[in-house]
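To start, the structure under review is shown below, and the notes come after it.
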Amino acid sequence: MKVELEDVTFRVSSFSLGPLDFSVEEGTITAIIGKNGSGKSTTLKLIHGDLKPNTGSVSIDSSKVSSLSSAELAEKTSFVWQEIYNPMSFSVRDVMNVSGYKRGNDEDSMGEALESVGLSSLIDMDFSVLSGGERRLVTVAAAIYQDSEIMIMDEPTNFLDIDNQIVVYKLLKRLRDAGKTLILTMHDLDAVHNLADSVLILRGGRKVAWGSTSSTLNIENLNKAFNVSFHSYDTVNGSAFAGSYKG
Amino acid sequence: MNVTENERVKAFVQRRREMKYIWIGFLFLLLIITILLSDFVGSVRIPILNLLEIYGSQIPFLSNFVPHGYTLAQEQIIVQLREPEILGGVVIGASLGIGGAAIQSIFRNPITEPYIIGLSSGASLGAVSSIVLGLTIFGIYTQQITAFIFGLSIVFIVYFFALKGGRIHPTYLLLTGVAVSFFVSALVALLLFTNINLQGEAFFWLLGSLENINWTVLYPVAIVVLITSYAIYLQHRELDAIQMGDMHARSVGVNVERTKRITIFMVALGVSASVSISGLIGFVGLVMPHLSRMLLGGSNKHVIPASGILGAIFLICADDIARGIVPGIVVPIGIVTGIIGVPFLMYFMRKLTGGKYEG
């Protein structure tokens, strides 16, 4: 399923975003990067229809997002939120059951989704007693369990240790290879470099650059987006970025 | 995870799930026992054999084969006084418990209850107005019907004031409910202040009691509570999703505003009907959902029925104490629920939470 944004702008109090004009191809990973407050999460919420653009339109699979019901949207997209409420006395199973609202719950798929993040043994644990990282992994597993074609993730590796970050990166690649379309915000530039097929770079709500990772993720654009002076260096896994503070 | 481990996890999960149904079954059994034992409580002692005969005489077909060794007075006490009062406790306790579970899910807030959306202040205004103004528009049931209409009306006012851009935000609804309740309570206070001779009658209603419930008022209220409780239960999956945030609920496919509308309307209808015949009974709607979550976990699939059963058990027991604690006097049930209920809650919170509400 293809995601298209046409001349999308959004304004709330003194913050304005856009105009954004790009399309995300099916079966790709798109990363949105930029400083805190640059409009990354707002862009995700506009794509998901949680915020209404002031001008322009967002379409999924040629249907305007604003015209989709929540049920139709849930069949096309799943969302990993940056934060979720800690539901009262929910177990991991209860959290997963919520994500199975549309598809209907089945034990095997739920177990597989949790197993993909290595947490199937925690299925009957109280969600509130899990660590921040474990909760994050459960929300990623819940989005997988929802089984939508498009997966939108707001900083999916927040709170995760390096081992679990790698688990999630491998998982994202597997999902892309299985034909899913992934749109995510990330702060780890090396991970973006290794994972993403295309990149949107934002600063202060304005588009700095959009395009394929190889053409967009370069020192010139990164220097424009952050208050950091970047340079690249070679590693055993290819080139990587490092930056030093400009001030 | 290898196959053996997978099988072990599945077996564990199965056991946990079965345990929840066993708990609900146990609570239901406890409710039946509480109902039967409560028929013994009162100033007149009725032997168990006579009590069983009276029960038998009320069952169609069986009544022809049951000996009639009881007196007419005994039959009147059980059938016309104790049974409607106890079953009233079941209906009212269940509606408050179920309403509490649903409202706490919508607000994602464990210290809310059905009264927070303006129900109690609205019903109070209705009841006190009918007393103070001497209304007789609905005959002998004017007080109950005005309490019901005002309770429901104030919830509608709160709901429409809180509606912004077609959506209900929980914090805004909560603040609107509190603000409107304060305003309406001030009107109630004004009515009582200007009619000092009627304060006693109104005071008794405001503290709540099951004493005046009879079959005539119980039947319609029971039907309303049965229908609204079932309608709330049908929303249990949607309410679970809303507990994780409105945006999350929407992203998994829940029509959030429709769910809130249905739930608030059903809670308002059921609880307004209940308090119209009992007066204000606090504590049940706040606490029973917590006890249910401590026993059965957080999913509304179990919390809603368990809160209803626990609310019913608690209210019948509170009424037994209200009837039995001072011979010849029925203490208002609001006093009993506060004095007995709060220490009971504090004890269970320490024993059963196990860190669930921390962090």
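Read the figures in this text as sums done on the coordinates, not as results from a lab. From a predicted model like this one, the values you see are computed outputs, not experimental measurements. All Cβ positions, even for glycine, are placed from backbone atoms using ideal geometry, and neighbour counts span all protein chains on display.
Data for the structure
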quantity: Computed over segment B:87-352: relative contact order in percent, which uses C-alpha pairs under 8 Å that are six or more apart; calculated: 33 percent
quantity: Kirkwood hydrodynamic radius of segment B:87-352, Cα pairs, Å; calculated: 18.5 Å
quantity: Highest-MSF residue in chain B out of B:GLY279, B:GLY25, B:GLY308 [GNM, Cα springs under 10 Å]; calculated: B:GLY25
quantity: Gaussian network model of chain B, Cα within-10 Å springs - most flexible of B:VAL342, B:VAL158, B:VAL128; calculated: B:VAL342
quantity: Cα-centred dipole magnitude for the protein assembly as shown, charges only on beta-carbon of K, R (+1) and D, E (-1), debye, nearest 20; calculated: 880 debye
quantity: Mean separation of Cα contacts under 8 Å (6+ apart) over length of segment A:182-247, as relative contact order %; calculated: 22 percent
quantity: Likely footprinting exposure, B:ASP246, B:ASP319, fewest C-beta neighbours within 10 Å first; calculated: B:ASP246, B:ASP319
quantity: Kyte-Doolittle mean at least 1.0, axial Cα span of 27 Å or more - DSSP H helices of chain B; calculated: B:83-107, B:142-162, B:170-193
quantity: For chain B, built as a Gaussian network whose Cα springs stay under 10 Å, the top-fluctuating residue of B:SER209, B:SER105, B:SER185; calculated: B:SER185
quantity: Hydrodynamic radius (Kirkwood) for segment B:211-338, which is based on Cα pairs only, to one decimal in Å; calculated: 16.2 Å
quantity: Reciprocal of mean inverse Cα separation for the protein assembly as shown (Kirkwood radius, Å); calculated: 27.3 Å
quantity: Fewest-first sequence of B:SER276, A:SER120 by Cβ atoms within 10 Å of each Cβ; calculated: A:SER120, B:SER276
quantity: Charge dipole (debye, nearest 20) of chain A; +1 at Cβ of Lys and Arg, -1 at Cβ of Asp and Glu; calculated: 1040 debye
quantity: Gained length - B:LEU30 relative to B:ILE140, 0.36 nm times residue gap less alpha-carbon distance; calculated: 36.1 nm
quantity: Taking the C-alpha atoms of segment B:40-144, convex hull volume expressed per residue in Å³; calculated: 186 Å³
quantity: Per residue convex hull volume, Cα atoms of segment B:124-269, in Å³; calculated: 125 Å³
quantity: Spin-label model distance (nm) - A:SER239 vs B:THR71, 7 Å beyond Cα toward Cβ; calculated: 10.3 nm
quantity: Full-extension gain in nm, A:ASN194 to A:ASN218, via 0.36 nm per residue minus C-alpha separation; calculated: 7.3 nm
quantity: 0 to 90° range, to nearest 10: angle between helix A:162-177 axis and chain A longest Cα axis; calculated: 90 degrees
quantity: Helix A:132-146 axis, angle to chain A major axis (alpha carbon atoms, nearest 10°); calculated: 80 degrees
quantity: Relative contact order of segment B:218-326, pairs being alpha-carbon contacts under 8 Å that are 6 or more residues apart, as %; calculated: 29 percent
quantity: All-pairs Cα distance distribution in chain A, expressed in whole percent, bin size 10 Å; calculated: 7, 31, 35, 22, 6, 0
